[in-house]
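Chemist: Sharing a structure, written as structure tokens. Questions coming.
What follows is calculated from the coordinates using simple rules that are stated; it is not laboratory data. It should be emphasised that the depicted structure is a prediction, and the values quoted were computed from it without experimental measurement. Methodologically, a virtual Cβ is constructed for each residue, glycine included, from the backbone with ideal geometry; neighbour enumeration extends over all protein chains shown.
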Amino acid sequence: MTRLNQNKTPLFDALKAYIDHKVVPFHVPSHKQGRGIKELTDYLGERLFQMDVNGMEDLDYANNPTGVILEAEKLMANAFGAQHAYFLVNGSTAGVQAMIMSACEPGD
């Protein structure tokens, strides 16, 4: 297996570029990059909310990645010596449920 450059951060780089572009969001999530929740933004930091974005062309789509998410997943698979790796949404519970469902038959 060819070793990929594990210093690359394609998804993070795309998120930073999105933030630096100063986009005015008209998409979900509706917290609008933290603008409406000052106390929480002050506590957690504005970058947290600025990076909480929906799938879009420049940032790729988690359900069918073809860009920076796919590149990052390939880097992760390569780092662990796996053929494939996938990022999860909705936390680790979604991954556990997917694992269980992949091993079950109808009626189990």
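Chemist: Which values, in whole Å and largest first, are the semi-axes of the equivalent ellipsoid of the range 10-103 obtained as the square root of 5 times each eigenvalue of the Cα gyration tensor? Don't skip to the answer; put the middle values down first.
Modeler: Working: eigenvalues 151, 58, 30 Å².
In descending order the semi-axes read 27, 17, 12 Å.
Chemist: To the nearest 20 debye, what is the magnitude of the charge dipole of the chain about its Cα centre, counting +1 on the Cβ of each Lys and Arg and -1 on the Cβ of each Asp and Glu? Don't jump to the answer; show the numbers that get you there.
Modeler: Details: 9 positive and 13 negative charges, 66 e Å.
The dipole of the chain has a size of about 320 debye.
Chemist: For G67, what residues show an amide H to amide H distance below 5 Å, using hydrogens built from the backbone and excluding near sequence neighbours?
Modeler: Y61
Chemist: Which residue, G45, S92, P65, has the largest displacement toward the positive end of the dipole of the range 10-103 when charges sit on each Cβ (Lys, Arg +1; Asp, Glu -1)?
Modeler: Farthest along the dipole direction, towards plus: G45.
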